[in-house]
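S.K.: Below: one structure in structure tokens.
The values are calculated or read from the model by the stated rules, or taken from the named source; none is laboratory data. Fair warning: this is a prediction, and the values are worked out from it, not measured in the lab. Note that we place each Cβ from the backbone using ideal geometry, even for glycine, and neighbour counts take in every protein chain shown. All accessible areas refer to the heavy atoms of the entire protein, side chains included, with ligands and DNA or RNA removed. Shrake-Rupley method; radii C 1.70, N 1.55, O 1.52, S 1.80 Å.
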Amino acid sequence: MDKNSEAIGIDLGGTNIRVARISRSGQILERIQEHVPRGRDAQLAIIRDSVLRMVTPQSAGVALGFPGRVDVRSGVALTAGYLELKDVTLAAMLREITGLPAVIDTDANLALWAEMKIGAAVGYDEIAMFTIGTGIGGAIASDGKLYYGGGNAGQLGHITVDLHGKSCNCGRRGCVETTSSGTALGELIAASPLAATTRVEDLLALQKNGDRTANELLVQWMAPLRLAVDTAVAVLGSKLVLLGGGLGKAAFEALTLVTRCDSPWFTYEIKAGELGDHAGVIGAGLRAFEA
Ligand SMILES: [Zn+2]
């Protein structure tokens with residue numbers, strides 16, 4: 001194998017860390033997944049141990065997707081998210097332990113990068129991506145490049161959809177993350193007559209069979225997301241809106257139940273991500289070639 005023929009992608013989540021060897025064409029050559037423990041030292045140790053298992057003589061670089069805000073230029077984690085890694089110089093740490101070039105970015109930016117390189121966004125230059133999971137992440141591409149603005153552009157989960165809504169992790173109220181994330185869906189199910197174990201797939205199946213409760217619940221979940229998507233398009237001029245993350249495909253299906261505004265202001269194509277849950281680790285690997 002050629003030197004620099006593969007790179008290491010890390011998708012760090014609040015629950016699991018996935019690390020993979022990725023080829024230049026974005027194929028997963030080998031992949032491991034570990035549970036993320038509690039505590040800063042234990043979290044740093046699991047990152048170190050799992051990345052070292054993926055280093056080979058062919059490794060070109062390392063990139064890590066972080067589930068929170070990061071300073072891409074200095075490679076520092078700015079917010080902890082669900083982790084205890086605030087202010088850690090993650091890129092420097094990865095460089096030190098692997099001896100390879102290393103960068104960090106948000107998990108959403110790297111997921112969008114993967115979709116732009118080998119997934120649903122190939123051929124598009126103006127893109128807004130919402131990643132629907134425990135929370136809602138966001139990423140923007142403009143002119144075919146990831147858009148960082150002053151450093152942390154793309155927090156699309158924090159578009160306000162309800163002035164008097166629930167309080168949000170960002171310090172405000174009524175962000176779309178509080179109404180249309182996986183967490184929000186769980187709360188809607190818990191407050192409904194449906195069984196607490198109901199999954200989104202069950203809801204979609206019930207809805208197709210004409211179940212009114214399921215239909216109302218899915219519309220309630222997705223109507224605020226439609227507002228946020230329209231707002232993002234009006235502001236950014238995106239031609240493609242991508243729904244990614246663990247719930248991206250389900251959200252894409254459920255969003256079709258919400259009537260679309262027919263004003264020409266909100267003209268865009270909308271797709272579900274093609275790479276699903278693998279987008280983060282693939283995007284990190286592809287980004288690592290340019291670290
Ligand atoms: Zn918020």
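S.K.: For region 144-214, what does the relative contact order come out to in percent, with C-alpha contacts under 8 Å and a separation of six or more?
M.R.: Answer for region 144-214 is 15 percent.
S.K.: Given H placed 1.01 Å from N in the peptide plane, which residues other than close sequence neighbours of residue 78 have an amide H under 5 Å from its amide H?
M.R.: When sequence neighbours closer than 5 places are left aside, the close amide H contacts are 69, 70, 71, 87.
S.K.: Quickly work out the residue 290-to-residue 125 label distance, labels modelled 7 Å from Cα along the C-beta direction, and quote it in nm with one decimal.
M.R.: That separation, rounded to one decimal, is 1.5 nm.
S.K.: Taking the Cα atoms of region 122-273, report the difference between the largest and smallest coordinate on each principal axis, in whole Å and largest first.
M.R.: 46, 33, 27
S.K.: Of the heavy-atom accessible surface of region 167-275 (probe 1.4 angstrom), what whole percent is carbon and sulfur?
M.R.: 54 percent
S.K.: What number, rounded to the nearest 500 deg cm²/dmol, is the helix-based mean residue ellipticity at 222 nm of the chain, given -39500 (n - 2.57) per DSSP H run of at least four residues and division by all its residues?
M.R.: The helix-only estimate for the chain comes to -10500 deg cm²/dmol at 222 nm.
S.K.: How many nm is it between the label spots at residue 201 and residue 4, if each spot is 7 Å from the Cα in line with the beta carbon?
M.R.: 4.3 nm
S.K.: While we're looking at this one, here's another question. Excluding ligands, DNA and RNA, what is the solvent-accessible area per residue of the chain at a probe of 1.4 Å, expressed in Å²?
M.R.: 45 Å²
S.K.: Shifting gears a bit: Could you work out how far the C-alpha centroid of region 183-225 sits from that of region 147-169, in angstrom?
M.R.: Cα centroid of region 183-225 versus Cα centroid of region 147-169: 24 Å apart.
S.K.: Checking the table 239/271; 3/145; 166/208; 86/145; 117/271; 166/239 against a 19 Å threshold on Cα-Cα, which pairs fail?
M.R.: Where the Cα-Cα span goes over 19 Å, the pairs concerned are 3/145; 166/208; 86/145; 166/239.
S.K.: If you take every DSSP beta bridge whose two residues both sit in region 122-273, what share of them, in percent to the nearest 5, is antiparallel?
M.R.: 55 percent
S.K.: Still on this structure, I have one more. Quick one: among 152, 169, 109, which has the greatest mean-square fluctuation in a GNM of the chain with alpha-carbon springs under 10 angstrom?
M.R.: With Cα springs under 10 Å in the chain, the top fluctuation among 152, 169, 109 is at 169.
S.K.: Okay, moving on. In Å, what Kirkwood hydrodynamic radius results for the chain from the alpha-carbon pair distances?
M.R.: Every distinct Cα pair counted, the radius reaches 19.4 Å.
S.K.: State the extension gain, in nm to one decimal, for the chain segment bounded by residue 79 and residue 191, taking 0.36 nm per residue of separation less the distance between their alpha-carbons.
M.R.: 37.2 nm
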